[in-house]
Each structure stands twice: as C-alpha cells, then as structure tokens.
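Input: a single structure, listed below in structure tokens.
Computed from the coordinates by the stated procedures, all read-outs in this text should not be read as laboratory data. If you're wondering where the values come from, they're calculated on a predicted model, not measured in any experiment. Positions of Cβ are backbone-derived with ideal geometry, glycine not excepted, and every protein chain shown enters the neighbour counts.
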Amino acid sequence: MIASGPTASPARIPRSVIIVTAIAITLAVFLLLLAVSGGNVGVAARAMGRGAFGSRYALFSATLVRAVPLILTGLAVAWAFSAGVFNIGVEGQFLVGASAATATALAFPSGGLLSLAAAMVAGATAGAAWAGIAAWLRVRFAVLEVISTIMLNFLALQLLSYLVHGPLGDPGGIYPQSPALPSSMWLPRIIPNTRLHLGFVIALIACASAWFVKTRTAAGFRLRLVGANPHAARIAGRVSVERVTTTAFLVSGGIAGLAGAVEVTGVTYALYESISPGYGYTAIAVALLANLNPAAVIVSGVGFGALEAGAAAMQRDAGVPIVVASVVEALIILVLATAQRRRWFADDSVIVTAVASPESA
Amino acid sequence: MSPIESFFESSVRTATPLLLAALGEMVVERAGIINIGLEGLIIGGAFGALLGATHGGVAVGFSAAICVGIALALLFYLFVDLIGTDQIVTGTAVTILALGATGALYRVWYGSSGAALSIATSAPVAIPWLASIPIIGPALFRQPTTTYLCYALVPVTWWWMNRTHSGLALRAIGESPHAAVVSGVRVSRYRLAAMCFSGALAGLAGGTLVLAQVGTFAEGMSAGRGFIAIAAVVLGRWNPLGVAGAALLFGAATALQFWIQALGLRVPYQAVLALPYALTLAALAGVAGRVNAPAALGRPLAPDATSS
C-alpha cells in the first residue's frame, strides 16, 4: 500500500512492530477470554499448537490445505481494497465459483486436464460475474458495494442451496450435495501422503502475479493511485476511476471464484451448502494483516490457516468452540485498524508522495 | 385470521426489528457515522435477550438486549471516534466479533442443554376493540410491545430531528462536522449519544427477534437484518417516515413466504428466502441518484472536532 512507505510520514512505527504487537495483543486478549470463560488455557493452547504445526500431517494436511482458500480469498479482498473497493462479497463469489466449477466438472468429466482447466475458468468467471453485479450497481446506480455485496452473499447461499437440492443434487444421495467429482477432476496432490494439492501452487502463482502487477506495472500504479485518493487520481493523474475500480472489482471476484473452484476440485470433491466456513469474511482479516500486499497475503493466509487448523484441534481436544477463531480475527482487524487509523483511504498527504515518487511505492 | 390478515400481521411483525435497527442507524448516519456493525449489534442484542430471559424473564431479557447493544455500539464508537479507525473496517470487525462471540458462548453455555428452547417469550398484546378491525386490525394492533414502541419512535424522531435545536445540530454534524464545531456544537457528545441510542435500538431489535418472533436464539439468526436495515435507511432517505415505509416493504417481502405457502404455489423455497435480499438490491438501485446522504457520512472526524 502506498500509505505504508516511510516517505508518507517520517514518524511512523515500523510495520513489523505493528504486526507483531497486533498478534501479541490479540493472543493476550484471546487467552484472557479463554481463562475468563472457564476454559483450560494450557490444554487449549497446546491443542492449538499441535493442531496447527505439531506434526507433518498437521502442517501439510491441515494448516496449508486450510491456507489455500484463505490466501486466494485474502488476495481477492486485498486487490479490491487496494482500489478502495470494499468487496465484502468474497464469500458469495467463492460460493458461485465453487458451484460453476462443480457444474463444469460434472458436465465434462472425461476431458482430463482440459476439463479441470475449464472448471477453474468457469469458477473464476462466475465469481467475476457475481462481483460484476455489485460493480455495475456501484457504477450505474452508486449503490454502496458494502451493502450490495453482503446481499449478494445471502443470494449466493440461497442459489447454492437451490442447486444442491435440485439441478446439481445427487439423485441417489441422502444429503443435499452434488455427486462426487470423478477422480480425473481432482487437483493432483503435490506432497506424497498429505492432502496438500496443486491449489497451493495456484495460490502462490496468483499472489506472485498480483504482486508483480500491483508494484511493477502502470495498471498496478493506477490501482494504488485510485485506492489512495480517487479524487486526485481523476484530476492530477487523469485516470478513469470508474474503469479502474470496476476492473479491480471483477478481478477480485474472479480470484474469489477461482478459490471456490480450487476448494471443490482440491479438497471437498463435491458441492454442498456449508462448503465455506466463512472464508470470505476471514479473508478480510487476512488482507488487512498483509497490509493489502499480495506477497504478504501468502504469509498471513498461512497464519490464519494455522489459526483455523489449531482452533479445530482445540474444539476436538479442549472443547472450545471453533467459532472463537472469528473472535481472534475480529480482534486482529481492530488492532490493525488502530495502527492504520486515518491512513488507509483517501489520505491527501499520501498521494503527493506517491505522485512525486512512483518508484518508492 | 384470513390469509391476507396474517400476511399483513406477519409483515408488520417482521418489519419491527428492521425498523428499530434502522431508526437507530438513521440517527447515527445523520451524525456522519455509518455503522456496518449494526448486524453485530443485533445478534449481540439477540444473545443478550436469551441470556436475560433465561435468568429473569422477558423484561430482563429486553433490558439485557439493550445493554449488549449499547456496549457493542460503544466499542464501535471507541474505535471510530476516539481512536480514529476506518468506519467500514471497524464495523465489519464488530460484526465478525459479535457473530463469533455469540456463537461460541451459545455453544458453551447452551450447546447440549435445551435451556434455550424454554425461555419466557413476549406474547403479542391485542389492543381491545382496535385489534378486531377487519384486515388491518391484527396487523396494527395485535403485535409485540416493541411494535407499539415503533409507533411512538417514528413521529418522535421525526419531530426531534426536524423541529428541535438539538436535532438540527445532529444533522449539521452529518453535513459538516467542522462547521458544527465552529458553531459551538459539541460534536463528540452528539455522536456518543447517537451511538448509544442506536445501540439500544439495535439491541432491542435483536431482543424482539428472540423474545417476540422466534422464541429462541440460533447462531447467526440476525441473517443480514443489520444490512437490510442500513439499506432501509438509504431507501427511506434518512427520514423516519421513509425508513418506516422501507422497513415495512422488507417485512412484507419476508412475510411473502407465509403467503406463498398459504396459496400453495410451487416456487423453490430458496427463491422465497432470497426475496428480501434481492428486493434490497433492486430498491437501492431504484433510489439511485435521488438520495442525498449526509455529506460527511463515513468520513473520519478531524482532530478539531474530536477535542470538543
């Protein structure tokens, strides 16, 4: 993000200190909450550590597998936020992406890698189209995307429910879910005897590409310019703000849809209503912890993957409900928001620096 | 009751929590704050109501709902105005926090026992004579107490915002906090009071859901009502009467499912459940270009305004 450069303001605390402090404060508050609610802090913390990093299985089959959708959805959020687009609808875009990928994979089961690629493209396209509704409402009718994307999340959930109860449902199955994908439609595993699949590589490539575009190309510069100050971008930079924000919205939705496609073909192998335990919302914390930097999203995605894998183990071993992970996420967002106060968006002082020295950003 | 009577009745009943939350949000938005955490305030209030009703009955339930709503509103206010964080990001965090915390506490405290299913609930109060008017009688006069509160709140907030000095000051803050400060308005106090009012009403909205509609608590039961309420504020153009109309429209969209069931129409039930959300999108697009949001909505306060 442009605003984080040392040139923006000389008296800023280093980014790394902020992040470490944020995590420390969050963990302290979290452990305090555990203790207050009568939980056994020692047992819970040990279970969490074991579940996230304690073994080869925990690391490669729990933490990193969980990190894949979080990295991709986190990247989707980071990309939109970078352009000042509050895409809270990554959850819904993930769901329609997963649905479209499932439909494609079931329709063309014998096409091998080509079908698999088609499923990915279908997922990304569906995600972009779903985001496109909100983008269109924003450009054409000035509808606040925060509200429209949330509404689209609920609509996506109902659409998914309809699909698995009807057109995409397994006729012979007991549960409302799609038939299992044929194994030719599964993303290959990349480490033997673990569940880590090719989606991890896809996520890394997506982040690396996004990082390159954002920091090394003119389009990326326009994106950051618009995100930092759309008004200045329009006047001083002669940038079409609508075009930049709409493109960012579509790209963001596309990445979220791809995340859904990867999850279906890499992990669940079938479509069902609870396919996302709220990845699209956790993604907001992932993106903010990464300071909207696509490369850093990898690290924060793995971090939150560890948190969720650990929380799952904590639920099994210590009886602490897994939803406490979202309390941790919310606390991290609040602490980071505090560190970033009044700096994220529309900060006039920042744009001067950015325009004067594009290379430093 | 005839199908049309029960349709009207359930429209008003489902509109009640939406209107409560939307009236509070309208007031804070008039003071320049957009609280996306409204959803969190409602689910917090709902859980507070469950907690209160479990231990002390309906009145305690409503009081606890109001307290939790205010507490979460104050948390939002602390970050947004005193610390100066981004309103949208903070609101999102408050919603995630409230959804997660209520879900976790619900599982820990109520998970295996059926205690949540046997709480005291608030029965509709029929107003003698008026409730027996055909068609609209049950809809307007056989409702939970909080609906009657709405009847009072809509005109009172309208009068207060448009006819009193303090209401004018509040609206001035939403247009230009700086100008308000220069005119001697104590911006921080107004915004703090507005947040408390909003928190109380959002909490009450959650309490109404639990105590007067569903009869129990479920994880995530707010189901987007906070966001629909924010849409109702836009649709109602930041005016209490308009907001009431918008809330009633969304209530009717939700109530339509009972109507469709009564008629025996063969529509996928997901389409019926999706209706309020689709209607929200359509309504927001419909009022485009004709709304005048408070000019300073969502902007952080400048330091000169926070110090007053």
Dividing the helical contributions, -39500 (n - 2.57) per DSSP H run of n ≥ 4, by the residues of chain A yields a 222 nm value, nearest 500 deg cm²/dmol, of -22500 deg cm²/dmol
For the pair B:Ile4/B:Trp109, report the inter-label distance in nm, with labels modelled 7 Å from Cα in the Cβ direction. 4.5
Please compute the Kirkwood hydrodynamic radius of the range B:3-292 from all pairs of different C-alpha atoms, in Å with one decimal. 19.3
In nm, give the distance between the simple-model label positions of A:Ile191 and A:Ala24, each being 7 Å from the Cα along the Cα-to-Cβ direction. 3.0
With the crude spin-label approximation of a point 7 Å out along Cα→Cβ, what separation in nm comes out for B:Leu130 versus B:Leu241? 1.9
Radius of gyration and Dmax for the range B:62-183's Cα atoms, expressed in Å? 20.6, 57
Using only Cα atoms, locate the centre of the range A:272-298 and the centre of the range B:11-53, then give the distance between them in Å, rounded to an integer. 27
When B:Met161, A:Met120 are ordered from fewest to most other Cβ atoms inside 10 Å of their Cβ, what list results? B:Met161, A:Met120
Positive-end extreme of charge dipole, the range B:3-292 - chosen from B:Thr121, B:Val27, B:Phe76 (charges on Cβ): B:Val27
Given springs between every Cα pair under 10 Å in a Gaussian network model of chain A, which of A:Leu64, A:Leu32, A:Leu106 has the largest fluctuation? A:Leu32
Quick check for me: using +1 on Lys/Arg Cβ and -1 on Asp/Glu Cβ, what's the dipole size of chain A about its Cα centre, in debye to the nearest 20? 760
For chain B, calculate the relative contact order in percent as a whole number, restricting contacts to Cα pairs under 8 Å that are 6 or more residues apart. 37
What is the gain in length, in nm to one decimal, between A:Ile174 and A:Thr217 on full extension, counting 0.36 nm per residue of separation less the C-alpha to C-alpha distance? 10.4 nm
Would you work out which of B:Leu281, A:Ala62, A:Ala210 lies farthest towards the positive end of the dipole of the protein assembly as shown, given +1 charges on the beta-carbon of Lys and Arg and -1 on that of Asp and Glu, about the Cα centre? A:Ala210
If each residue's Cβ is checked for other Cβ atoms within 10 Å, how do B:His165, B:His55, A:His197, B:His178 rank with the fewest at the top? B:His165, B:His55, B:His178, A:His197
Could you grab the Rg to Rh ratio for the protein assembly as shown? Cα atoms only, Kirkwood for Rh. 0.96
When all alpha-carbon pairs of the range B:109-264 are counted, what percent fall beyond 24 Å? 49
Cα-Cα pairs above 18 Å in the range A:249-311: how many percent? 41
Give me the number: length gained by fully extending B:Ala285 to B:Ala179, i.e. 0.36 nm times residue separation minus the C-alpha to C-alpha distance, one decimal in nm. 35.0 nm
Once each part is reduced to its C-alpha centroid, what is the distance from the range B:201-250 to the range B:119-150 in angstrom? 18
With the charge dipole of the protein assembly as shown built from beta-carbon charges (+1 for Lys and Arg, -1 for Asp and Glu) about the Cα centre, the Cα from B:Phe8, A:Ser16, B:Gly44 projecting farthest to the positive end belongs to A:Ser16
How do A:Arg195, A:Arg216, B:Arg30, B:Arg237 line up, fewest other C-beta atoms within 10 Å first? A:Arg216, A:Arg195, B:Arg237, B:Arg30
Cα-Cα P(r), the range B:182-308, percent of pairs per 10 Å interval: 10, 31, 33, 18, 6, 2, 0
Considering only C-alpha atoms, what is the centroid distance from the range B:61-78 to the range B:252-285, in Å? 31
With +1 on the Cβ of every Lys and Arg and -1 on the Cβ of every Asp and Glu, the dipole magnitude of chain B about its Cα centre, in debye rounded to the nearest 20, is 300
Per chain A, sqrt(5λ) over the Cα gyration tensor eigenvalues, sorted largest first, in Å, gives 32, 27, 18
D for the range A:178-299, whole µm²/s, Stokes-Einstein with Kirkwood Rh over alpha-carbon pairs at 25 °C and 0.890 mPa s: what number? 149
